Structures are given as structure tokens and as C-alpha cells.
């Protein structure tokens, strides 16, 4: 399925070939992606649990995002709201409006299921662009504080590792 298309950019459902491209490209950026994560997301898409979206820029997979139809953990677990997960635009394609179009498509999908969408974002500097973009798009912190490995942090608790599991959760009203 195609969610958006212009002369340079297509937002479509993720395909299995995208997994190899993203694994190779993210490895080249110094990350440690796992091909099995992409395969699981594709299985979840096939099973109707999520929409797995790929942005194709000038014919090349350039970014992706997943929209799970219901948050299964974190502070939004009991809300029934969709959750946006694992948003990423490859570094060499950033600053082309790809992230905004991916988020537009993700929010459009989420809006079919609820009036509010949620997400979690990492707290280290590598998430800075995403943090700013979410705020600019109208996402607000949910007020539950920082979470680590699926649990809320307790005040004065020591969190030893600042990694992808250290999150702040946000939500956005899509309609009244």
C-alpha cells in the first residue's frame, strides 16, 4: 500500500528487501541493527498488529516507522491508543522532509483507530532531532517521568546505562 507519493518520495508498506538495506545502512552509521527486528515488524504487519512504513527517496529506502495499533506497554498500555515505534531516517537522507512525511502517514494511520497517538523517545543526544520534531508536531510529555527497560524510574534511582531503553513518553491529540 502507498500512503504518500510525489516525484522524489514514496511512503509505502515495508517490504522484506528493505530489512537488508536498513541493516547495512545503519551498520555503516555505527549502529548495531538486528535483521530479526525487521523480520518481526514485518510479521506483525502481516498479522495486522502494526503498519510498517518505508520511505523511499529517489528510489532508495531512506527511513521507516512502525505504527502499532495498540500500545502494549509503558504508560499508555491501558488506553487503547496506537503507538509510533522506532522512527528513523538514515543520516544521508535527513533534511529532505522525509521524517515529516513519515510522521504524517503514521499519524493518519493512528487516527483511524483513536483520537490520540503516543510514542516514546530516547533521552540521549542522538535522539535530539526527533525530540524537537515531536514537540514541533504537538506531542506533549505524558507526565509519567522517565522510563527504563519498560518501567518508570523512581526519583533518586540510579540508571546506570543511557541507552535506547531510557525513554520519555509523549502523546498527541489527533482530533477532538
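The values are calculated or read from the model by the stated rules, or taken from the named source; none is laboratory data. It should be emphasised that the depicted structure is a prediction, and the values quoted were computed from it without experimental measurement. Every residue, glycine as well, gets a Cβ built from its backbone with ideal geometry; the counts of neighbours run over all protein chains shown.
Okay, residues lined up against (1) at pLDDT 95 or above; (2) closer than 25 Å to residue 23 by Cβ; (3) within 13 Å of the chain's Cα centre (by Cα):
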residue	(1), (2), (3)
70	yes, no, no
78	no, no, no
102	yes, yes, yes
113	yes, no, no
134	yes, no, yes
161	no, yes, no
166	no, yes, no
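Residue check: is residue 57 surrounded by 13 or more Cβ atoms within 10 Å (Cβ to Cβ), farther than 21 Å from residue 164 by Cβ and in contact with a helix residue (DSSP H, G or I) (Cβ under 9 Å, 6 or more places away or on another chain)? Taking the combined requirement at face value, the residue satisfies it.
Here residue 9 passes the criteria (1) without any contact (Cβ under 8 Å) to a residue 60 or more places away in the chain; (2) in contact with a helix residue (DSSP H, G or I) (Cβ under 7 Å, 6 or more places away or on another chain) except the one numbered (1). Candidates are the residues of segment 115-132 that are outside any helix (DSSP H, G or I) and under 14 Å from the mean Cα position of the chain (by Cα); the one that is modelled with the lowest pLDDT is 122.
Strands (runs of 3 or more DSSP E) fully within segment 45-113 that include at least 2 residues being in contact with a strand residue (DSSP E or B) (Cβ under 7 Å, 6 or more places away or on another chain) and more than 18 Å from residue 2 (Cβ to Cβ): 83-89. Picking from residues in segment 136-159 that are surrounded by 13 or more Cβ atoms within 10 Å (Cβ to Cβ), in a loop (DSSP other than H, G, I, E, B) and at pLDDT below 95, the one that is farthest from the chain's Cα centre (by Cα) is 159.
The residue pairs whose first member lies in segment 153-169 and is under 20 Å from residue 141 (Cβ atoms), whose second member is part of a loop (DSSP other than H, G, I, E, B) and at pLDDT below 85, and whose beta carbons are closer than 7 Å, counting only pairs six or more residues apart or on different chains, are 153/159; 166/159.
Starting from residues that are part of a loop (DSSP other than H, G, I, E, B) and touching a strand residue (DSSP E or B) at 6+ places or on another chain (Cβ under 8 Å), keep the ones in segment 1-37 and report whichever is nearest to residue 86 (Cα to Cα).
From segment 1-37, those part of a loop (DSSP other than H, G, I, E, B) are 1, 6-8, 14-15, 29-34; that's our starting set.
Now narrow it down to the ones that are touching a strand residue (DSSP E or B) at 6+ places or on another chain (Cβ under 8 Å): 1, 8, 14-15.
On the way: 1: 20, 8: 23, 14: 13, 15: 16 Å.
Result: 14.
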